[in-house]
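Taking it in order: structure first as structure tokens, then the write-up.
The values are calculated or read from the model by the stated rules, or taken from the named source; none is laboratory data. A quick note: this is a predicted structure, and the numbers were derived from the prediction, not measured. Here the Cβ positions follow ideal geometry from the backbone for every residue, glycine too, while neighbour counts run over all protein chains shown. Note: accessible area is taken over every heavy atom of the protein model, side chains too, but ligands, DNA and RNA are not part of it. Shrake-Rupley method; radii C 1.70, N 1.55, O 1.52, S 1.80 Å.
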Amino acid sequence: MALKNKSLYAILGILNVSPGTGYDIKKYCDTVLSGFWNENFGHIYPTLKKMLTEELVEIVANEKSEKKILYRITPKGRLELESWLMEETELQPMRSEFMLKLLFSNGQPKEHIIKMLEDYKQIHVKKQEKYLAMQHDLGQGIEEISEDRSRFLRAMLRRGILSCEATIRWCDETMESRL
């Protein structure tokens, strides 16, 4: 199977929720998708240009700056997104610099390893707090988010919360063990 540009599908999915600028897409990635997907401007803008050429998106409003162009998904883009959603999901290996460093830290001082684990734990404590706040806000109802869409957001947030809980617990157990 040929490699597919998954950034294209992330952007189509975001624009299927609501039209937006490149900046809006990045903001959505940094908030809603941050626990499992990352896009940067270096991927977003070239992908949007390609999507325009392929008529998967169209320009709704255009100001002088590339950052102010408002895009929306086209019917062709919606069909492409729906087709991709129906395909079997390819599992992708997790890439974690932290885990790579930990694996090869056997020659490092124990204090350094404990500090690494404490820092990693704090990252996940903060992420969990963010997810819990988002879950709370979603529970209060957000006018722009339909109940149907809200169910999927709650499921993603719950996964993020449980993942953070597991990572925090793993950090504690690893620090308590005799490294």
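Overview of values
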{"quantity": "Cross-chain or 6+ apart pairs with Cβ under 8 Å, the range 102-128 first and farther than 15 Å from Trp170 by Cα, then in a helix (DSSP H, G or I)", "calculated": "Ser105/His112; Ser105/Ile113; Ser105/Met116; Lys127/Gly160; Lys127/Cys164"}
{"quantity": "Within the range 1-55, helices (runs of 4 or more DSSP H) holding 2 or more residues that are basic (Lys, Arg)", "calculated": "22-31, 41-53"}
{"quantity": "The one condition in (1) touching a Ser or Thr at 6+ places or on another chain (Cβ under 7 Å); (2) surrounded by 15 or more Cβ atoms within 10 Å (Cβ to Cβ) that Glu80 fails to fulfil", "calculated": "(1)"}
{"quantity": "Residues that are among the β-branched types (Val, Ile, Thr) and within 15 Å of Ile73 (Cβ to Cβ), drawn from the range 18-52", "calculated": "Thr21, Ile25, Ile44, Thr47"}
{"quantity": "Only one of Leu102, Leu85 that is open to solvent by less than 80 Å² (accessible area, probe 1.4 Å) and not in a loop (DSSP other than H, G, I, E, B)", "calculated": "Leu102"}
{"quantity": "Condition check for Leu33: of a type outside the set (Gly, Ala, Ser), touching a residue at least 60 places away in the same chain (Cβ under 8 Å) and closer than 19 Å to Thr89 by Cα", "calculated": "no"}
{"quantity": "Filtered residues of the range 56-77 (kept if surrounded by 14 or more Cβ atoms within 10 Å (Cβ to Cβ), among the β-branched types (Val, Ile, Thr) and either in a strand (DSSP E or B) or touching a Gly at 6+ places or on another chain (Cβ under 8 Å) (or both))", "calculated": "Val57, Ile69, Ile73"}
{"quantity": "Selected residue [surrounded by 14 or more Cβ atoms within 10 Å (Cβ to Cβ) and of a type in the set (D, E, K, R)] from Lys110, Lys130, Lys115", "calculated": "Lys130"}
{"quantity": "Members of the range 18-37 found to be closer than 20 Å to Ala133 by Cβ and open to solvent by 40 Å² or more (accessible area, probe 1.4 Å), listed by number", "calculated": "Lys27, Tyr28, Asp30, Thr31, Val32, Ser34, Phe36, Trp37"}
